[in-house]
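Before any comments, here is the structure.
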Amino acid sequence: MRILIVGNGGREHALLWKLRRDLPSAEFHVTRPNGGMTGVRPVEIAPTDLEALSGFAASRRMDLTVVGPEAPLAMGIADRFRKKGLPVFGPSKAAARIESSKAYAKALMESAGVPTAGYRTFTDREEAVDHLREVGAPIVVKASGLAAGKGAVVCTTVEEAEQAVASMMDDFAFGEAGREVVIEDFMEGEELSVFGIANGEEVVLLPPAQDHKRVGEGDTGPNTGGMGAYAPVSIAEPALMTRVREEVFLPTLRAMAEDDAPFRGLLYAGLMLTPEGPKVVEFNCRFGDPETQVVLPMMESSLLDLLMAAVDGDPLSHREVRFRDGAALTTVVASGGYPGSYPKGKTIDLGRVQESDDLLVFHAGTARGDTGLTTSGGRVLAVTGLGPDLESAARRSREGAAAVEFEGAFHRTDIGWRELARIQGEQR
Ligand code: GLY
């Protein structure tokens with residue numbers, strides 16, 4: 001079987017790792033593989049070059065293409081592949097609007113009765129500012145389009161919110177993505193990431209995870225692409241997950257199918273667990289990063305079978321999906337300066353990292369060249385520890401992250417702190 005993976009970050013490395021476990025005999029092709037994606041055939045095509053990628057997949061007869069990042073999905077990679085009869089895991093351009101247009105996602109949720117924060121959408125800056133002044137803070141200002149995870153600003157004052165609107169609508173801080181803004185009520189609670197593999201109608205939910213977006217210990221400092229994650233999350237009890245399936249995923253899938261945009265791919269619900277129940281903060285149309293680096297290592301049954309079933313539109317409801325007991329926790333090792341500017345090309349020494357079944361190293365911003373392994377991005381590696389409980393998974397992950405050596409390397413030492421505090425509270 002020939003499998004093409006589009007994308008080369010930590011998420012795609014975790015996808016490669018899992019799919020290779022599911023089918024070791026498969027031949028893997030990866031767009032511009034990072035330094036850790038060994039044993040694959042490199043494809044020197046950018047993920048957003050849809051013409052070249054679909055031509056490559058057709059000429060090399062790929063049996064499956066798995067798309068990691070949102071940008072090619074929002075551009076319509078899945079439509080282009082399907083038109084050529086190429087099996088692809090990922091939603092159509094119309095369905096990817098669930099992530100690429102916050103305004104579309106909010107309107108869909110409203111019409112489907114999916115719980116989410118109250119909101120209004122604006123294309124006129126003055127109207128947006130008048131609204132902010134009327135409703136006051138705290139409030140959330142979001143660029144409607146794709147903004148690499150940075151387009152949502154939680155504002156504690158009206159002045160901050162006005163600045164956020166100005167940076168999006170006047171200064172085009174997020175380019176076209178900020179032409180339309182969504183202004184949302186602030187929601188209080190803990191966040192939860194839930195992945196669902198969907199075939200257009202049905203969905204299989206994977207274990208819930210929680211990520212840490214802020215750069216600093218205790219969830220402080222600027223937002224990043226994600227500094228770590230863990231799974232499962234104990235507050236996401238079975239009864240809550242039933243609500244998430246019935247109140248969030250199923251009505252969303254129904255509404256999208258009715259809207260001629262059936263969702264086939266990975267639907268990621270970013271939820272807020274509010275006192276009134278789970279509410280959607282945002283939907284994404286692809287696997288999350290770094291949650292994938294903990295969710296997939298927990299999965300014992302085949303991911304490949306599920307992806308193929310979703311691609312073929314086969315029933316999902318009776319499939320047996322097994323996850324290991326215990327927990328997984330990943331710690332991201334980043335380049336000094338991230339999420340601001342940072343140097344590249346620093347030599348990485350992994351000699352002290354003891355990889356095993358319970359310690360996995362997923363590469364993100366790494367490159368392999370004549371001088372060995374070097375850094376090539378802000379988030380360099382994700383070190384995932386697994387164990388019978390979260391404490392042991394955390395210990396393994398933190399020890400592994402501390403053993404990674406390159407100039408300027410840093411990581412958070414408190415990933416999973418909320419859950420660990422809960423566990424300690426229960427033990428008292
Ligand atoms: N973990 C956040 C994201 O993937 O968007």
Checklist entry - Does Glu184 satisfy being open to solvent by 20 Å² or more (accessible area, probe 1.4 Å) and either within 16 Å of the ligand (Cβ to nearest atom) or not in a loop (DSSP other than H, G, I, E, B) (or both)? => result no
Checklist outcome for this item: Flagged in segment 1-51 as open to solvent by 60 Å² or more (accessible area, probe 1.4 Å) and within 16 Å of Ala71 (Cβ to Cβ), in numbering order, are Asn8, Arg32, Thr48, Asp49, Glu51
Next on the checklist: Regarding segment 51-63, can at least one residue be identified that is away from the ligand (no atom under 16 Å from the Cβ), closer than 21 Å to Met256 by Cβ and at pLDDT 95 or above?
Outcome noted: no
Next on the checklist: Among the listed residues Val165, Val158, Val153, Val135, identify the single one that is within 16 Å of the ligand (Cβ to nearest atom), modelled with pLDDT under 90 and either more than 21 Å from the chain's Cα centre (by Cα) or among the aliphatic types (A, V, I, L, M) (or both).
Outcome noted: Val153
Checklist entry - In segment 1-113, which helices (runs of 4 or more DSSP H) lie fully inside it and hold 1 or more residues that are under 23 Å from Val294 (Cα atoms)? => result 10-22, 70-75, 93-100
Item to check | Glu426, sole failed condition from (1) out of contact with any helix residue (DSSP H, G or I) (no Cβ under 6 Å at 6 or more places or on another chain); (2) surrounded by 23 or more Cβ atoms within 10 Å (Cβ to Cβ) | outcome: (2)
Checklist entry - What's the number of the condition Gly400 fails, among (1) part of a strand (DSSP E or B); (2) under 21 Å from Thr38 (Cα atoms)? => result (1)
Checklist outcome for this item: Result of the Cβ filter at 6 Å on segment 199-213, keeping first residues that are more than 26 Å from Ala229 (Cα to Cα) and partners that are part of a strand (DSSP E or B) and more than 16 Å from the ligand (Cβ to nearest atom), at least 6 apart or interchain, is Asn199/Arg264; Gly200/Arg264
Checklist outcome for this item: Of all strands (runs of 3 or more DSSP E) fully inside segment 239-339, the set with 2 or more residues that are within 16 Å of the ligand (Cβ to nearest atom) and surrounded by fewer than 24 Cβ atoms within 10 Å (Cβ to Cβ) is 264-274, 277-284
Checklist entry - How many of the residues in segment 345-358 are assigned to a strand (DSSP E or B) and either in contact with a strand residue (DSSP E or B) (Cβ under 6 Å, 6 or more places away or on another chain) or surrounded by 21 or more Cβ atoms within 10 Å (Cβ to Cβ) (or both)? => result 2
Item to check | Restricting segment 120-156 to residues that are in contact with a Pro (Cβ under 8 Å, 6 or more places away or on another chain) and open to solvent by 20 Å² or more (accessible area, probe 1.4 Å), the residue that is nearest to Glu180 (Cα to Cα) | outcome: Val154
Item to check | Single residue of segment 214-238 satisfying the filter (among the aliphatic types (A, V, I, L, M) and touching a residue at least 60 places away in the same chain (Cβ under 8 Å)) that is nearest to the ligand (Cβ to nearest atom) | outcome: Ala229
Checklist entry - Do you know which residues across segment 68-92 are open to solvent by less than 10 Å² (accessible area, probe 1.4 Å) and of a type outside the set (A, V, I, L, M, F, W, C)? => result Gly68, Pro72, Gly76, Gly90, Pro91
Checklist entry - If we keep just the residues of segment 396-423 that are among the basic types (Lys, Arg) and within 24 Å of the chain's Cα centre (by Cα), which is surrounded by the fewest Cβ atoms within 10 Å (Cβ to Cβ)? => result Arg418
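The values are calculated or read from the model by the stated rules, or taken from the named source; none is laboratory data. Computed from a predicted model, the values in this text were never measured in an experiment. When we count neighbours, we look across all protein chains shown, and the Cβ atoms used for this are built from the backbone with ideal geometry, even at glycine. Side chains included, ligands, DNA and RNA excluded: accessible areas come from the protein's heavy atoms. Shrake-Rupley method; radii C 1.70, N 1.55, O 1.52, S 1.80 Å.
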